[in-house]
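Asker: Structure below; questions to follow.
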Amino acid sequence: MSFFYKNILKPLFFRLDPEHAHELVVGSLSLLSKTPLIRPAMAAFNQLPQASKPIEAFGLKFPNRVGLAAGFDKNAKCWPAFEALGFGHVEIGTVTALAQPGNPKPRMFRFPEHEALLNRMGFNNDGALEVAQRLETLPGPGQRGIPLGINIGKSKVAPLDQAVEDYRTSFRALADYADYLVVNVSSPNTPDLRKLQEGDRLRELLSELCRENEVRLEKAGGVRRPILLKIAPDLSEGELDDILQILIDLKLDGIIATNTTMSREGPFKDLNEAGGISGMPVCVKSTEIIARIAKQTEGRLPIIGAGGISSPDTAQAKIDAGATLVQLYSGMIFEGPLLGKRIARSLATSFGDLQ
């Protein structure tokens, strides 16, 4: 499959506009998601053996350590296909309270020589209610082969002083369908969004969502959902430490490190395109941040490592730095759809998870 992808499919896809190629892949995987016989057969072949030891994090069990990062399946159209491809979890979104078209096109760019992508998509998605309706027709938490995370962000039209209510709207619409939820305050492509990483704003936002989560327990049959925060790689050490203190104070369930970078270094120093860079250019920085999180929290805060994972070695480095799970997206564009399976098997062998 790797040979077929790199020598036949990849050259064809890379002749297309990146967003158009992405839409074609999502459409194809959506069909696979709905195939009653082929998808389960592929999952049985590509997942680790059933006897393998599951990975436990924030109260959930994962069949392996490798997940699909948010950004690929924004509207919950094809996520079941990734179980068939060997992934251990999927994160959909980013979903906003209001449907929105995102930023003007073109808004996604490839840099194959650096195994990097640049995007300024702007949270284009169908909105929380439509995504919830789509998920309502599919197996829910506890009935899936792999956990499903839902990543929520701020609607572009919502001013900062209304951000809490905007996130709360998405949380209420989607929590029933999520195994865990991610609060995204780190995308560089929504104006002022990263200001929500600042102390008082972040504490207020997370406090209200945690309170909303506890309200679920008071209702008949209500279930609390793990909440994670996704952070940027461009934080100073002081800013990161302040965020970690808030997460510890609020007993948040975990953190995802990291999102795309606004840094323009090395071969990108003269790049005149707005947006966040993902892939190999963010790999080392995200691993350094994971290591600092693990050190500052003394391992008390579960970490999902993301950013530049394109091989078993880059995934292993994030685990060694302190991550429990990893996520990838850009690496799959360059290495093929079975990259998750290959990394999952390598990590399982390394950690003795295979039985």
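Quick note: the coordinates plus some simple rules give every number you see, no bench work behind them. All values derive from a computational prediction rather than experimental measurement. Cβ atoms come from the backbone with ideal geometry, glycine included; neighbour counts cover every protein chain shown.
Asker: Which of the lysines could a cross-linker span from residue 318 if the Cα-Cα distance has to be under 16 Å and same-chain partners fewer than 8 positions apart are dropped?
Answerer: Correct list for residue 318: 230, 285, 295.
Asker: Moving to a separate point now. Have a look at 182, 131, 284 and tell me which one the Gaussian network model of the chain (Cα, springs below 10 Å) gives the largest fluctuation.
Answerer: 284
Asker: Among the aspartates and glutamates, which fall within straight-line cross-link reach of residue 105, defined as a Cα-Cα distance under 16 Å, with same-chain neighbours fewer than 8 residues apart omitted?
Answerer: Qualifying aspartates and glutamates at Cα under 16 Å: 17, 19, 23, 273.
Asker: Next up: Please name which of 138, 274, 202 has its Cα lying farthest along the dipole of the chain towards the positive end, using unit charges on Cβ (Lys, Arg +1; Asp, Glu -1) and the Cα centre as origin.
Answerer: Farthest along the dipole direction, towards plus: 138.
Asker: Can you give the % of DSSP beta bridges in the stretch 230-335 that are antiparallel, to the nearest 5?
Answerer: Around 10 percent of the beta bridges assigned by DSSP in the stretch 230-335 are antiparallel ones.
Asker: Which whole-Hz ³J(HN,Hα) couplings does the stretch 143-150 yield from phi under the Karplus relation 6.51 cos²θ - 1.76 cosθ + 1.60, θ = phi - 60°, glycine and proline marked x?
Answerer: 10, 9, x, 9, x, 10, x, 10
Asker: Using θ = phi - 60° and the Karplus curve 6.51 cos²θ - 1.76 cosθ + 1.60, what whole-Hz ³J(HN,Hα) does each residue of the stretch 310-316 get, with Gly and Pro shown as x?
Answerer: Per-residue couplings from phi come out as 9, 6, x, 5, 5, 6, 4 Hz.
Asker: While we're here: Compute the semi-axes of the equivalent ellipsoid of the chain, taking the square root of 5 times each eigenvalue of the Cα gyration tensor, and list them largest first in whole Å.
Answerer: Its equivalent ellipsoid spans semi-axes of 27, 24, 22 Å.
Asker: Just to be sure I understand the model, the point goes 7 Å from the Cα along the line to the Cβ. What's the resulting residue 237 to residue 134 distance in nm?
Answerer: Going from the residue 237 label point to the residue 134 one covers 4.3 nm.
Asker: Okay, moving on. Would you mind getting me the FRET efficiency between residue 265 and residue 35? Use the beta-carbon distance for r and R0 = 45 Å, nearest 0.05.
Answerer: The pair residue 265/residue 35 has a calculated efficiency of 0.55.
Asker: Now for a different question. Report relative contact order for the stretch 2-351 in percent, whole number only (criteria: Cα-Cα under 8 Å, sequence separation at least 6).
Answerer: Reported as a whole number, the value is 18 percent.
Asker: Also, I was wondering about something else. Among 45-53, 324-332, how do they line up by average Cβ neighbours within 10 Å per residue, starting with the highest?
Answerer: Going by the mean number of other Cβ atoms within 10 Å, highest first, we get 324-332, 45-53.
Asker: Using R₀ = 30 Å, calculate the FRET efficiency as 1/(1 + (r/R₀)^6) where r is the Cβ-Cβ separation of residue 99 and residue 298; round to 0.05.
Answerer: 0.10
Asker: Follow-up. If you take the charge dipole of the chain about its Cα centre, with +1 on Lys and Arg Cβ and -1 on Asp and Glu Cβ, which of 303, 96, 314 is farthest toward its positive end?
Answerer: 314
Asker: So, one more: Between residue 284 and residue 53, what FRET efficiency follows from the Cβ-Cβ distance if R0 is 41 Å, with the result rounded to 0.05?
Answerer: With R0 = 41 Å, the Cβ-Cβ based efficiency is 0.85.
Asker: Same structure, new question: Provide Rg and Dmax in Å for the stretch 133-191, with only Cα atoms included in the calculation.
Answerer: 13.1, 39
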